[in-house]
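Enquirer: Got a structure for you, questions after.
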Amino acid sequence: MQVSMLSVAIGAAALFGVAEVANWRRNNRRDVDKVGFMPWRGIALASAGVALFAAALALKP
């Protein structure tokens, strides 16, 4: 179970990185009218929470 929780934590951390890069690109876009439809901030916050929770479960003795 520890290995699976660690892999979930790594996957969620990777998703957090992707969401932060996408949110940065969204905030620095050239055309202000093309906003997109993905809630990148919410995805980043949710994946950070999942990553922290899964890492805590994986590192539990």
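Enquirer: So what is log10(I(q)/I(0)) for the chain at q = 0.17, 0.18 1/Å, when the Debye sum runs over its Cα atoms only?
Expert: Log-scaled intensity ratios, in q order: -0.58, -0.62.
Enquirer: About its Cα centre, what dipole magnitude does the chain give when the only charges are +1 on Lys and Arg Cβ and -1 on Asp and Glu Cβ, stated in debye to the nearest 20? Please list the in-between numbers first.
Expert: Numbers: 7 positive and 3 negative charges, 26 e Å.
With Lys and Arg at +1 and Asp and Glu at -1, about 120 debye.
Enquirer: With a 1.4 Å probe and every protein chain left in place, work out the accessible area per residue of the chain in Å², rounded to a whole number. Provide the component values of the computation, followed by the final result.
Expert: Numbers: 4700 Å² over 61 residues.
Per-residue accessible area for the chain comes out at 77 Å².
Enquirer: Within a Cβ distance under 10 Å of W40, other residues only, what is the Lys/Arg minus Asp/Glu net charge? Before the final figure, lay out the partial values.
Expert: Details: positive: R25, R26, R41; negative: E20.
Taking every Cβ under 10 Å from that of W40, the sum is +2.
Enquirer: Now for a different question. Can you tell me the order of 11-17, 25-31, 35-41 when each peptide is scored by its average per-residue count of other Cβ atoms within 10 angstrom, highest first? Working shown, then result.
Expert: Details: 11-17: 15.9, 25-31: 9.0, 35-41: 11.3.
For the peptides 11-17, 25-31, 35-41, the packing ranking is 11-17, 35-41, 25-31.
Enquirer: Net charge within 12 Å of A19 by Cβ-Cβ distance, Lys/Arg positive one each and Asp/Glu negative one each, not counting A19 itself? All intermediate terms of the calculation are to be shown ahead of the outcome.
Expert: Working: positive: R25, R26, R41; negative: E20.
Computed value for this residue: +2.
Enquirer: Carbon-plus-sulfur fraction of the accessible area of the chain, 1.4 Å probe, in percent?
Expert: Details: 3330 of 4700 Å².
About 71 percent, which is the carbon plus sulfur part of the accessible surface.
Enquirer: Return the calculated 222 nm mean residue ellipticity for the chain, to the nearest 500 deg cm²/dmol, obtained by summing -39500 (n - 2.57) across DSSP H runs with n ≥ 4 and dividing by the residue count. Don't skip to the end; give the middle numbers.
Expert: Working: 2 runs with 45 residues, N = 61.
The helix-only estimate for the chain comes to -26000 deg cm²/dmol at 222 nm.
The values are calculated or read from the model by the stated rules, or taken from the named source; none is laboratory data. Bear in mind the structure is a predicted one, so any value in this text is a computation, not a measurement. Positions of Cβ are backbone-derived with ideal geometry, glycine not excepted, and every protein chain shown enters the neighbour counts. Note: areas computed on protein heavy atoms with side chains; ligands, DNA, RNA excluded. Shrake-Rupley method; radii C 1.70, N 1.55, O 1.52, S 1.80 Å.
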